[in-house]
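> Provided herewith is a single structure, encoded as structure tokens, for subsequent inquiry.
The values are calculated or read from the model by the stated rules, or taken from the named source; none is laboratory data. Computed from a predicted structure; not experimentally measured. Neighbour counts run over all protein chains shown; Cβ positions are idealised from the backbone, glycine included. When the accessible area is computed, the model is the full protein with side chains, heavy atoms only, and any ligands, DNA or RNA have been set aside. Shrake-Rupley method; radii C 1.70, N 1.55, O 1.52, S 1.80 Å.
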Amino acid sequence: MVTISLCMIVKDEEKTLPRCLSGVDGIADEIIIVDTGSTDRTKREAAAFTDQIYDFAWRDDFAAARNYAFSKASMEYCMWLDADDVIEEREREKLLNLKAELTDDTDVVMLRYVTACDEEGNPSFSFYRERIVKNDGRFVWKGRVHEAITPAGNILYADISVRHQKRRHTGSDRNLRIYESMLKAQEAFGPREQFYYGRELYDHGRWEDAARALLAFLEREEGFLENRIDACRLLGACRKRLGDGQGAFAALFWSFCYDVPRAEVCCDLGGLFLEANLTVQAVYWYERALGAAKREASGGFVEEDCYGYRPCIGLCIAYDRMGDHARAFRYNEKAATYKPGDKYVRANRRYFREKWGL
């Protein structure tokens, strides 16, 4: 059986850290905790699980802190988690089985990262991340913000999920502040930094700035394909917010230059056509979304609702507007197969029953 060093960077995580570390019981052969300046009981909580606790002077560089944590590892593989990550019991058992079966010819293990859930606790937003890497010096974190390791060698995609489950909301401006300090210092952005800078601007509601940053990313020749597709979606959303409907359509169609249509893009197009009351076109794109394959191993962001629920609700609305209430009702019932307790499904059922006797 291979050995694994769990390497974490933490700050003021006294409430979340015990929950996280309890989930790696039997998985981690050693636990490395690097504290970047806690003022609470974080280090005391960590001491209940490990004596390998180190201090690292924070300098607005996540990659530097993670690389320092990796430098302390002595096992065959390094694994990383954030303090507000959770490995649920079913996933922990799957991870234990993976560890028992893993052979040393594997260089990188990719696990699904669930970063948002719906009201019923089901994953709504996820993507694959490099979670476990061979501890041989080849794998280095890069990026002061939204840091990442470039996967290489023999890569294994495992059907195992880590759930990012925040208990508190902090540092909402931190990432954007770091990016803007880099710009002020005239530090050149790589493609990934340019993309995530645009995302941060979008998340802060700075639509014009975000659109410029995303357009600058798309005009570069390099860049991860999935980031380029997502940048088209974000650019479309920015233009929509700015009242540029035609520009929003153009941004979404731009994504087709990179690969076959993703369900997420098709749903965005369906929504734009529906808002324009162009129901035939909306039906076309929602149907394309229903038929789109989910490409989880591509490394892109996956919005689960776009692979069933959201296009069904869109088709329900479109067909109802077209006067085909029976078909609209059937699509609402199909949406219920994805989210049985959904409030919109229930409201639609009441509408069809009271107005159309369905």
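Yes/no per residue for (1) under 22 Å from Glu130 (Cβ atoms); (2) open to solvent by less than 70 Å² (accessible area, probe 1.4 Å); (3) at pLDDT 95 or above; (4) of a type outside the set (A, V, I, L, M, F, W, C):
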| residue | (1), (2), (3), (4) |
| --- | --- |
| Gly23 | yes, yes, no, yes |
| Val34 | yes, yes, yes, no |
| Glu76 | yes, no, yes, yes |
| Asn97 | yes, no, yes, yes |
| Tyr113 | yes, yes, yes, yes |
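> Got a sec? Which of Ser181, Ser172 is under 18 Å from the mean Cα position of the chain (by Cα), loosely packed, with under 13 Cβ neighbours inside 10 Å and not aliphatic (A, V, I, L, M)?
Ser172 is the lone residue from the list that is under 18 Å from the mean Cα position of the chain (by Cα), loosely packed, with under 13 Cβ neighbours inside 10 Å and not aliphatic (A, V, I, L, M).
> Condition test on Asp305, is it acidic (Asp, Glu) and either free of Cβ contacts under 8 Å to residues at least 12 places away in the same chain or open to solvent by less than 20 Å² (accessible area, probe 1.4 Å) (or both)?
So Asp305 does not fit the description; no.
> Sticking with this one: Of the residues Ala251, Ala297, Ala328, Ala282, which single one is in a helix (DSSP H, G or I), under 30 Å from Ile155 (Cβ atoms) and either out of contact with any Ser or Thr (no Cβ under 9 Å at 6 or more places or on another chain) or among the aromatic types (Phe, Trp, Tyr) (or both)?
Answer to the check: Ala297.
> Shifting gears a bit: I'd like the residue in the stretch 44-102 that is in contact (Cβ under 8 Å) with a residue 60 or more places away in the chain and more than 25 Å from the chain's Cα centre (by Cα) and, out of all such residues, is farthest from Asn175 (Cα to Cα).
If we take residues in the stretch 44-102 being in contact (Cβ under 8 Å) with a residue 60 or more places away in the chain and more than 25 Å from the chain's Cα centre (by Cα), then Ala100 is farthest from Asn175 (Cα to Cα).
> Testing Phe189 on (1) in contact (Cβ under 8 Å) with a residue 12 or more places away in the chain; (2) open to solvent by less than 50 Å² (accessible area, probe 1.4 Å), one condition comes back false. Which one is that?
Phe189 satisfies all of (1) in contact (Cβ under 8 Å) with a residue 12 or more places away in the chain; (2) open to solvent by less than 50 Å² (accessible area, probe 1.4 Å) except (1).
> Further question on the same structure: Working only within the stretch 207-235, note down all residues that are of a type in the set (Lys, Arg) and either open to solvent by less than 30 Å² (accessible area, probe 1.4 Å) or under 21 Å from the mean Cα position of the chain (by Cα) (or both).
Answer for the stretch 207-235, where residues must be of a type in the set (Lys, Arg) and either open to solvent by less than 30 Å² (accessible area, probe 1.4 Å) or under 21 Å from the mean Cα position of the chain (by Cα) (or both): Arg228, Arg233.
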